[in-house]
Amino acid sequence: MLGLGILIVLLVIGSPIAFAILLGVVGHVYTLPFNVSLVAQRIFSGLDSFSILAIPLFVLAGELMNESGITSRIINFANALVGHMKAGLAHVNIWASVIFAGLSGSAVADTSALGRVFIPTMEKEGYPRAFAAALTAASSVIGPMIPPSIPVIIYALITTGVSVPALFLAGVTPGLFLAIGLSIYVYFFAGHYAPLKAKLSMKERWKAFVDAWIPLFMPIFIVGSILTGIVTPTEAAAFAAAYALLAGVFILKSLKISSLPRIFIRAMRDSSVILIVIGVVAAANWLLTFSRVPQTVSQMVLEQVSSPWMFLILVNMILLVVGLFLEGIAAMLILLPILHPIAMSLGIDPVHFGIVVIFNLMIGLVTPPMGICLFVSNSIANVGIAAISRQIMPLFLVELAVLILITFVPSTVTFLPTLFGY
């Protein structure tokens, strides 16, 4: 109770999640017959994993791609495909996120990179600035669903018996469903903002594809090499970083050697934020296991909930509320050690459950009051969180509809992994 009290107080006053958990763990340790130095040991033990190396490498690959000017090539290709449709630029925004998802695996990176281009451009074409900011944030949820995905790697690290390639494949369909759902919404409700554009010729479309083939090949290369068993996810992340570096410096020639120190420092900083949370939560999970908290909670839940569907409804409700206040990866690290064993006890497919959890918590990135992508989008649009929140509510309902679909129709998630033998 002492550790939990410290954690809640620190979260309420706005302390960073890593330090709130760390001090809560220290408070818990003082009630047990352990030396507090054991906490530091457990933190480093939690980070002593070859698989975790994939996280900073994918972050670095995304930073290199952003700096190489890949974003503009992706946008031009998406514009060539869907820019002529009703609400064309809004469609381009959404489908550029689908393509960019295969490069970064991060919703925040998606919002930051694409928002700087789309928000001012959409405003010039007649879209309200707040709507442009909201759509950019909402479509960024696609990023962590389509592989490569940082949340998927973290999920596989926390749980046992879940394949990273299977989760990568399972996330493709929900990501595409979300893109289609958002496209349907903007077609019917945002078409009046801007006039229709002329359809590009096949020659112009081919040129856009040729310009974009380097970023388009990267996710195929990463996922394909993992699925065929040639490399592990960590090795694929290393190849992705090397691919982004070589493509930017020698093929596109848009990445300057002098920029590399700044890029590496930024990637190290962003990675450290994720890694310190993983390390601290590893120590917290060890203490929870020692105190038999997951087993106790599991027993209590199983006594009350015997149906897998009721449990999934309960999980969705809990995660949607938690996502309002906690960042997705942090919430996953805290809650999964408790929820995953219960799901397995009820016979829920681990891949299906994983994608439901990840998709649910990624929605939290765009819901007020603590949605990180909302803050990133507002830092570009500068229209206020309240204005963006009003515009994002209908888009949130689209995402909620997709969540309900993948929750109650498991085959939408498990189809591709089953097809590839996972």
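Return yes when residue 65 is touching a helix residue (DSSP H, G or I) at 6+ places or on another chain (Cβ under 7 Å) and either modelled with pLDDT of 80 or more or among the charged types (D, E, K, R) (or both) and no when it is not.
Spelling it out, it is not the case that residue 65 is touching a helix residue (DSSP H, G or I) at 6+ places or on another chain (Cβ under 7 Å) and either modelled with pLDDT of 80 or more or among the charged types (D, E, K, R) (or both).
Tell me yes or no: at least one residue of segment 239-249 is over 18 Å from residue 53 (Cβ atoms) and modelled with pLDDT under 80. No, segment 239-249 contains no residue that is over 18 Å from residue 53 (Cβ atoms) and modelled with pLDDT under 80.
Taking the listed residues 72, 97, 140, the one that is under 23 Å from residue 266 (Cα atoms), surrounded by fewer than 24 Cβ atoms within 10 Å (Cβ to Cβ) and touching a residue at least 12 places away in the same chain (Cβ under 8 Å) is 72, with no other qualifying.
Could you go through segment 82-90 and let me know if any residue there is closer than 19 Å to residue 217 by Cβ, open to solvent by 10 Å² or more (accessible area, probe 1.4 Å) and either among the hydrophobic types (A, V, I, L, M, F, W, C) or at pLDDT 85 or above (or both). Break it down into steps so the answer makes sense when it comes.
Quick first cut of segment 82-90, residues closer than 19 Å to residue 217 by Cβ only: none.
For segment 82-90, residues closer than 19 Å to residue 217 by Cβ, open to solvent by 10 Å² or more (accessible area, probe 1.4 Å) and either among the hydrophobic types (A, V, I, L, M, F, W, C) or at pLDDT 85 or above (or both): absent.
When the criteria are applied in full, residue 379 meets the requirement of being out of contact with any helix residue (DSSP H, G or I) (no Cβ under 8 Å at 6 or more places or on another chain), of a type in the set (Gly, Ala, Ser), under 12 Å from residue 137 (Cα atoms) and at pLDDT below 95. Given the structure, is residue 91 part of a helix (DSSP H, G or I), farther than 29 Å from residue 263 by Cβ and not charged (D, E, K, R)? The answer is yes for residue 91.
The condition of being open to solvent by 30 Å² or more (accessible area, probe 1.4 Å), touching a helix residue (DSSP H, G or I) at 6+ places or on another chain (Cβ under 6 Å) and not aromatic (Phe, Trp, Tyr) holds for only one of 119, 158, that being 158. Residues in segment 353-380 that are part of a helix (DSSP H, G or I), more than 11 Å from the chain's Cα centre (by Cα) and among the small types (Gly, Ala, Ser): 354, 377, 379. Among the residues of segment 119-145, those identified as farther than 14 Å from residue 394 by Cβ, out of contact with any Cys (no Cβ under 6 Å at 6 or more places or on another chain) and hydroxyl-bearing (Ser, Thr, Tyr) are 121, 127, 136. Among the candidates 343, 401, the residue that is free of Cβ contacts under 8 Å to residues at least 40 places away in the same chain, among the hydrophobic types (A, V, I, L, M, F, W, C) and in a helix (DSSP H, G or I) is uniquely 343.
Filtering segment 317-348 to residues that are touching a helix residue (DSSP H, G or I) at 6+ places or on another chain (Cβ under 7 Å), surrounded by fewer than 19 Cβ atoms within 10 Å (Cβ to Cβ) and not aliphatic (A, V, I, L, M) leaves 341, 345, 347.
Only residues that are touching a Leu at 6+ places or on another chain (Cβ under 8 Å) and modelled with pLDDT under 80 were counted in segment 198-222, giving 4.
Annotation: of all residues in segment 161-180 being assigned to a loop (DSSP other than H, G, I, E, B) and small (Gly, Ala, Ser), the one that is surrounded by the most Cβ atoms within 10 Å (Cβ to Cβ) is 163.
Consider segment 305-316 and keep the residues that are open to solvent by 50 Å² or more (accessible area, probe 1.4 Å) and modelled with pLDDT of 80 or more. The one that is farthest from residue 355 (Cα to Cα) is 310.
On the stretch given as segment 209-243, residues that are closer than 24 Å to residue 77 by Cα, open to solvent by 60 Å² or more (accessible area, probe 1.4 Å) and out of contact with any Phe, Trp or Tyr (no Cβ under 8 Å at 6 or more places or on another chain) total 4.
The values are calculated or read from the model by the stated rules, or taken from the named source; none is laboratory data. What you see is a predicted model; the values in this text were computed from it and never measured. Don't worry about glycine lacking a Cβ; one is built from the backbone with ideal geometry, like all the others, and counts go over all protein chains shown. The accessibility values were calculated without ligands, DNA or RNA, using every heavy atom of the protein model including side chains. Shrake-Rupley method; radii C 1.70, N 1.55, O 1.52, S 1.80 Å.
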